[in-house]
Structures are given as structure tokens and as C-alpha cells.
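Below: one structure, written as C-alpha cells.
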Amino acid sequence: MKGIGRIVLYVLLFVQLVITGYPFVWMTISAFKDNKEYFANPWGLPSVWKFSNFADAWNQGISSYLFNSLYITFFSVVGLLLVATLIGYYLSVRPFRGSKLLLGAFFLGMLIPIHSTLIPLFTIANATGTYDTFWSLFFPYIAFNLPIAVFLSYNFFTAIPKDLEEAAVMDGCGIYQTFFRVYFPLAKPILATVTILSFFNIMNDFVFPLVMVSKESLKTLPLGLMMFKGNFSANYSLISAALVITTAPIIILYTFLQKYIQKGVTAGAVKG
Amino acid sequence: MHEKGLKRFAGGMFFMGPALLIFIGIIIIPILMSMYYSLFQWDGISQKIFTSMDNYSRLLKDPVLWISLKNSVWLTIGALIIQLPVGLMFAIILGYKLRGSNFFKSIYFTPVMLSTAVLGILWSQIYDPNFGLLNEMLNSLGLQSWTRAWLGEESTALLSVIAVVAWQYIGFYIIVYVGALQGISDEVLEAARVEGASEWRIIFNIQIPLIWPTITFTVLNCVINSLKYFDLIYIMTGGGPNNSSEVIASYMMKNAFRLMDFGYGSTISTFLLLFGLALAFIISTVLGQGNKKFS
């Protein structure tokens, strides 16, 4: 690519860069402004850099929403990894009549809109007393990430040569030991992919907390941010600071794990 | 070496039980329950009243449902004609490995990782009629007549949300297509260039046909996700003004959890499910033909 063509391509790349990146730059600069200046001077740098916005946002609820998000996401991802690799492994080493059909059902599960299940999940949660508990988020998070996780782990285990299992059996391993001692540790790459994919899905989910939760100690960041925005609706620079606080950890994580995150987040759209 | 009898049963339960229980309990049974609820008049608290297909005839006559359906279709079309072509274009451009390509690619992907709450709040600020960046920009360019309450006017509310959805997901499709294009060996492209093929011919006769299976899958992915789209509509416009940005999922949520009409809400969600499945089936059949043509 030379000459004019090259310049055109750079212009396109640059325009897209500004469109994608500038809102974040603006958000970050706004977060350092005092609220009056936010309105008076939307483009420029702050005349006085106001760091206290961050401390205020952090103390007014963002810290606890972040903590809620992290622990709920952590346990849901761990549960998902275990549940998905167990069945993925079994279906690949002990196929039975109907196991393909079962995989097909999981595949179909990817097409199910979450919203088609929300009313019954709400009534079930009320009937079983799990409304407004950890479990009303934990189980749906596993369920809705299960199809892709089962698919990825099934494909991974199926690609491992059968000799490995035979060797493990020769050494006296039963099916349980073969899984926990041999296959599960081998599955690190697929565990990483599923972890990243489901981490973002769960961390960013907005719908389940909206429907299943009302107490503060279960509100995760997306819902929490909406509450925060409602409470401080006129204080735009404080809201910007809250957005920066919730975005920054993701961006920092991303600078270190870029390749893995790009691969993980798009995993659902690559394998057909 | 395979287990027999009771041992085999126990193994099956141990390995498959948890996944099956969760999948059936959280997805399959609720879908069936939702279909069941759709036959009742029910507010979630008092006694259910069996009304047979009444909710469905109400659905067919409900003007807001048709607005929502139309808006969902627009949102889907908007996603298809913006996100995928723009994503593909940038993936091809990044394929030339110009200096800085990796940096551009990293930035493009950033919004994909963030929650819709963050993006919805951020863009509501940008669209703000009085202090928003967009109107400020138009003012400073001397285009005062173009400024408006982007999310508050019927003519622009839905379009404004569609723009943000596209803004978020273009980076997703860039990464997907970059990955697919990397699967094409450089030798093929070099050979075509040596033969004197123009870059346009290379794109349309080599690159696009070779990644057609990926394109098929992204179309399906994009339609499925757009059809059930909810988050930014709820966060940025709440379906308004005057239902002008209502989509199927937001209308279902409004009926179920604001108006507490569980029966009718279930009818809408059943409709959403069946419509989505039917469309997914049609698309995969039609695009499957494309796969045959290219392979």
C-alpha cells in the first residue's frame, strides 16, 4: 500500500480512533472538573484538577458496588468452569446415544433470549425464597454462560487423543481421577477463554440484578451505577468520576492481557 | 474400560447432573412456564385467570407491540448495515499491517469490554440537549439548527441509540474479522498481486469468499443479539418518547415488571422467543446456501 491509498487508510483509521477514543478522554477530563466548570467549559482541561471527585464517588457507594460485582462474578465463573468442563469431558469421552442431541440442545440454548425466562425466574425465586439472594444471580449466570462454555470445553476435550485416557486407565485412574488429575489441568487454555468470556458477560450484566435483586449488598456495578446516577443526577462531574473508577480496572487489565481478552470475548462468535 | 450399570449411572450423574439441572431448571422450565403463563390473565399476586388465547389476540391488535417490533427490526438492520461492513472494512485495512495497526486495533476494541451502564450514562451526557458534547460541537461548527434533544425527540431517539450500539460493537467485529482474515495464507494474496489483481478484486474475489463462513456466523450473531436488545434502550430512553424507541424486550419488561402484567408480559416474551428462533433458522438456511456456493 503506497501513496494516496496509504494516506486514505490512515485518515480512516484515525477518524475511527477519535470516534472510539475521544468519549473516554472527555469522560476522564470531565471527572477532574468541578461541576460548574463541567457545564461552562466542556472541551477544555480543568482549571483546577479536582481529585476529590474520585474519593467522593468511591465513598458514596461505588466501592461496595464494585466489591459486590467482583465476588458475585468470581463465584459464578468458578461454578461455571467446573460445571461446564465436567459435562464437556463426559460427553467427549463417554458419548452415548443422544449425546449429540444434548449438545444440540445446548447450542440452541445460545439462541434463547434471557428475557423469555425472566418472569418465571422471578416467580420461582419468590416461591423458593431465593429472591434477593446471591443464588438468584449465581444460577442464572451459570445457566446463560453454560451453552458456549460446554461447547468450547467439549471441542477441546474431543481434540485430545484417546491414547491419553487409555494411558491414565493403565496407571489405575478411574474416570474421576482421569478428569481431575489429567484432563482438567490440561484444559488451562480453554479455562482461560471461558473465564474471560464469562467474566465480562457477568460483570457487565444489567438485567438480572434489575429483576432479581433489591438490597444494596447484592447490587452489582451496572445497576449500582444507575442508582448512583439517580442519586446525583445534577452532579455530572461526580458521575464522570464514578464512570472512570469503574472503567479504569478493566482498561488496566486490558493493557496486560490484550490478546487473551480479545480472543476470549470474541470466542462465541468465532467457532460456528 | 467403560463403566457398567450402576457405576456408569453414577458417573453420568456426577459429570452431567449439575449442568443438566441448571440448564433445565433455569432455561428450559422457565421457557415452558412462560408459555403457560401467556394463557392467563395474571398480575403475579392474585389468582391466575385462564383466558386461553386472549393475550395473543391482544398482542396482534396492540399498536405498541407493532411499533416495538418495527423498532427491533430497525435496530437489527442498523446493526447489520453499520457494524458488520464497517468492522470488515477496518479488519481489511488493519490487514495491510500499516505502522500503528496494533495500537488502533486495541483502542477499537475498548468499548466492547465495558458495561452498557457505563456507556449509556456516558452517551446520555454526550447527547444531553443543554450541555452535551454533540450539541456543543454542532454549535461551534455553526450548525445550531442541527442541535436537538437527541434522546428526547421521537425522530431521533431510536437512531441515537442505534448509533451507540454500533459504536460499541464495531470493535468486536473488527477483531472477529481480523482473526478470520489471518487464516488466509499470505502466499495466496501475494500470488494474486503478482498476477496483477487489483486490491478490490482481492477483497471481493478472495478475502470475502474465503471468510464467508465467519461472515455467516457474525450475521446470525448480530441478528440474534439485536433482536433481543434491551440494555441501552432501557438506560438511555426507557422506550420513549411516546414509545418511539420501544423495542420488543423493553416492551416486555415494561409490561411485566412495571405494569405487573405477567400474563401479557409472558405472551410478548414467548413471541420474542419464537420470532428469534424462526429468524435464526431462516438466516442459517439462506446463508448456508452461500457457504455451498463459495466452497
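Side notes on the structure shown:
- Among the numbered conditions (1) open to solvent by 20 Å² or more (accessible area, probe 1.4 Å); (2) assigned to a helix (DSSP H, G or I); (3) away from every other protein chain (no Cβ under 11 Å); (4) farther than 15 Å from residue A:205 by Cβ, the only one that residue A:157 does not meet is (1).
- Failed criterion for residue B:43 (all others in (1) among the acidic types (Asp, Glu); (2) over 30 Å from residue A:28 (Cα atoms); (3) without any contact (Cβ under 8 Å) to a residue 12 or more places away in the chain hold): (3)
- Each residue in region A:227-272 was checked for being more than 7 Å from chain B (Cβ to nearest Cβ), without any contact (Cβ under 8 Å) to a residue 24 or more places away in the chain and outside any helix (DSSP H, G or I), and 1 of them qualify.
- Only helices (runs of 4 or more DSSP H) whose full extent lies in region B:126-198 are considered here, and the ones with at least 3 residues that are in contact (Cβ under 8 Å) with a residue 12 or more places away in the chain are B:157-182, B:186-194.
- Sole residue being buried (at least 19 other Cβ atoms within 10 Å of the Cβ) and more than 8 Å from every other protein chain (Cβ to nearest Cβ), chosen from A:71, A:65, A:38, A:90: A:65
- Region A:135-161, residues that are within 24 Å of residue A:68 (Cα to Cα), touching a helix residue (DSSP H, G or I) at 6+ places or on another chain (Cβ under 7 Å) and not hydroxyl-bearing (Ser, Thr, Tyr): A:137, A:138, A:139, A:140, A:142, A:143, A:145, A:146, A:149
- Lone qualifier among A:39, A:51 - being on the phi < 0 side of the Ramachandran plot and free of Cβ contacts under 8 Å to residues at least 40 places away in the same chain: A:51
- Any chance residue B:226 is of a type in the set (Ser, Thr, Tyr), open to solvent by less than 20 Å² (accessible area, probe 1.4 Å), touching a Gly at 6+ places or on another chain (Cβ under 9 Å) and not in a helix (DSSP H, G or I): no
- No other residue among A:208, A:232, A:199, A:180 is of a type in the set (A, V, I, L, M, F, W, C) and at pLDDT below 90 apart from A:232.
- Filter pass, residue A:224 being farther than 21 Å from residue A:81 by Cβ, within 17 Å of the chain's Cα centre (by Cα) and within 11 Å of chain B (Cβ to nearest Cβ): yes
- Residue under evaluation residue B:52, criteria (1) open to solvent by less than 30 Å² (accessible area, probe 1.4 Å); (2) modelled with pLDDT under 90, criterion not met: (1)
- Options B:183, B:239, B:196: the member that is open to solvent by 30 Å² or more (accessible area, probe 1.4 Å) and on the phi > 0 side of the Ramachandran plot: B:196
- Applying the set (1) open to solvent by 50 Å² or more (accessible area, probe 1.4 Å); (2) in a helix (DSSP H, G or I) to residue B:214 leaves exactly one unmet item: (1).
- Of all the listed residues (A:183, A:141, A:131), the sole one being assigned to a loop (DSSP other than H, G, I, E, B) and either of a type in the set (Phe, Trp, Tyr) or in contact with an Asp or Glu (Cβ under 7 Å, 6 or more places away or on another chain) (or both) is A:131.
- Residues considered: B:45, B:31, B:77. Of these, the only one that is more than 8 Å from chain A (Cβ to nearest Cβ) and part of a helix (DSSP H, G or I) is B:77.
- So residue A:55, is it open to solvent by 30 Å² or more (accessible area, probe 1.4 Å), closer than 30 Å to residue B:45 by Cβ and over 25 Å from the mean Cα position of the chain (by Cα): no
- A single entry from B:262, B:217 fulfils the requirement of being in contact with a Gly (Cβ under 8 Å, 6 or more places away or on another chain) and under 30 Å from residue B:154 (Cα atoms): B:262.
- Some residue of region A:13-34 being farther than 20 Å from residue A:246 by Cα, exposed (fewer than 14 other Cβ atoms within 10 Å of the Cβ) and in contact with a Phe, Trp or Tyr (Cβ under 8 Å, 6 or more places away or on another chain): yes
- Selected residue (only one of A:252, A:239 is farther than 15 Å from residue A:204 by Cα, buried (at least 21 other Cβ atoms within 10 Å of the Cβ) and not hydroxyl-bearing (Ser, Thr, Tyr)): A:239
- Breaking point among (1) crowded, with 17+ Cβ neighbours inside 10 Å; (2) under 15 Å from residue A:114 (Cα atoms), for residue B:274: (1)
- Flag if residue A:81 is more than 15 Å from residue A:219 (Cβ to Cβ) and either open to solvent by 10 Å² or more (accessible area, probe 1.4 Å) or of a type outside the set (A, V, I, L, M) (or both): yes
- Residue among B:248, B:268 that is surrounded by 15 or more Cβ atoms within 10 Å (Cβ to Cβ) and within 16 Å of the chain's Cα centre (by Cα): B:248
The values are calculated or read from the model by the stated rules, or taken from the named source; none is laboratory data. What you see is a predicted model; the values in this text were computed from it and never measured. Positions of Cβ are backbone-derived with ideal geometry, glycine not excepted, and every protein chain shown enters the neighbour counts. Ligands, DNA and RNA are stripped out before the accessible areas are found, and what is left, the full protein with its side chains, is counted by its heavy atoms. Shrake-Rupley method; radii C 1.70, N 1.55, O 1.52, S 1.80 Å.
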